[in-house]
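A.B. asks: Please see the structure below; I have some questions.
Read-outs: derived from the displayed coordinates by stated rules, not from any lab. What you are looking at is a predicted structure, and each value in this text was computed from that prediction instead of being measured. A quick note on method: Cβ atoms are made from the backbone with ideal geometry, for glycine too, and the neighbour counts reach across all protein chains shown.
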Amino acid sequence: MENLEFLPTSAPSLRERSRELEVSEVTVPEFQLYLDALIRKMIEARGVGLASPQIGRNIRAVVVQPEPTDDPLVLINPVITKKSDALLESEEGCFSVPGTYGLVKRHKKVTVEALNRHGRRIEFEAKNFPAFVVQHEIDHLDGILFIDKAEKTVELDEKGNVKKRVK
Ligand code: ZN
């Protein structure tokens, strides 16, 4: 598998709706290798989540690992089936918008249905940080970036100092 690279913020495909996958596409060895490469990329980049369109494949596949002690979780065709009315402010950044951070209101709790990497249906509930991560990654599948929803964003330089308040 070739090295996966993040698309730049300006890439039009980051703004597209990604397509659903068939179970028969998920279970083939080539795709399993692709999922492994996505997981490796997320871990190398020290991320908590990664969506396939971020590296240029517009399919509904994401990987998440909210805590380093969690096993990386693959979600295929994920759908939020229930969400709390309660919202919390989530501090976010994104590999697709390097150097920018912002506050986004997210649902405190969500129920998610998806296929796992073996094409089997799973359902789970997430709250707080893991719920924010899942919502952020699913947004990518619909062409939405966190900067679209953020109320305040800042650009930081390499040392972590504020360069610019964007809004
Ligand atoms: Zn992102």
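A.B. asks: Residue farthest toward the positive end of the dipole of the chain, with Cβ of Lys/Arg at +1 and Asp/Glu at -1: which of Val162, Ala61, Ala11?
C.D. replies: It is Val162.
A.B. asks: Now, a different point. Please find the FRET efficiency linking Val79 to Lys159, where r is the Cβ-Cβ separation and R0 is fixed at 30 Å, and quote it to the nearest 0.05.
C.D. replies: 0.15
A.B. asks: Same structure, new question: Which value in nm describes the separation of the simple spin-label points at Lys109 and Phe129, placed 7 Å from the Cα toward the beta carbon?
C.D. replies: Distance between the two pseudo-spin positions: 2.0 nm.
A.B. asks: For segment 51-66, in order, what is each residue's ³J(HN,Hα) by Karplus, 6.51 cos²θ - 1.76 cosθ + 1.60 with θ = phi - 60°, in whole Hz (x at glycine and Pro)?
C.D. replies: Going residue by residue, I get 10, 3, x, 5, 10, x, 10, 7, 10, 7, 9, 9, 10, 9, 7, x Hz, with x marking Gly and Pro.
A.B. asks: Quick check: the angle from helix 29-44's long axis to the longest principal axis of the chain, C-alpha only, nearest 10 degrees?
C.D. replies: With both axes taken from Cα atoms, the answer is about 20 degrees.
A.B. asks: A further question follows. Where a Cα-Cα gap under 26 Å defines reach, which lysines qualify for Lys152, not counting those fewer than 8 residues away within the same chain?
C.D. replies: Lys83, Lys105, Lys108, Lys109, Lys127, Lys163, Lys164, Lys167
A.B. asks: When the Karplus curve 6.51 cos²θ - 1.76 cosθ + 1.60 is applied with θ = phi - 60°, which whole-Hz ³J(HN,Hα) does each residue of segment 118-130 get, with x for Gly and Pro?
C.D. replies: Result, ordered by residue: 9, x, 9, 6, 10, 9, 8, 10, 10, 9, 6, 3, x Hz.
A.B. asks: Using a Förster radius of 30 Å, what is the FRET efficiency between Ala86 and Ile122 based on their Cβ-Cβ separation? Nearest 0.05, please. All intermediate terms of the calculation are to be shown ahead of the outcome.
C.D. replies: Working: r = 24 Å, r/R0 = 0.80.
After rounding, the FRET efficiency stands at 0.80.
A.B. asks: To the nearest 20 Debye, how big is the dipole of the chain about its Cα centre, given +1 on the beta carbon of each Lys and Arg and -1 on that of each Asp and Glu? Could the numbers behind the result be given before it?
C.D. replies: On the way: 25 positive and 27 negative charges, 111 e Å.
Taking the Cα centre of the chain as origin, the dipole is about 540 debye.
A.B. asks: Right, next: Need one number: nm distance between label points at Thr69 and Lys152, each 7 Å from Cα along Cα→Cβ, rounded to one decimal.
C.D. replies: For Thr69 paired with Lys152, the spin-label model returns 3.2 nm.
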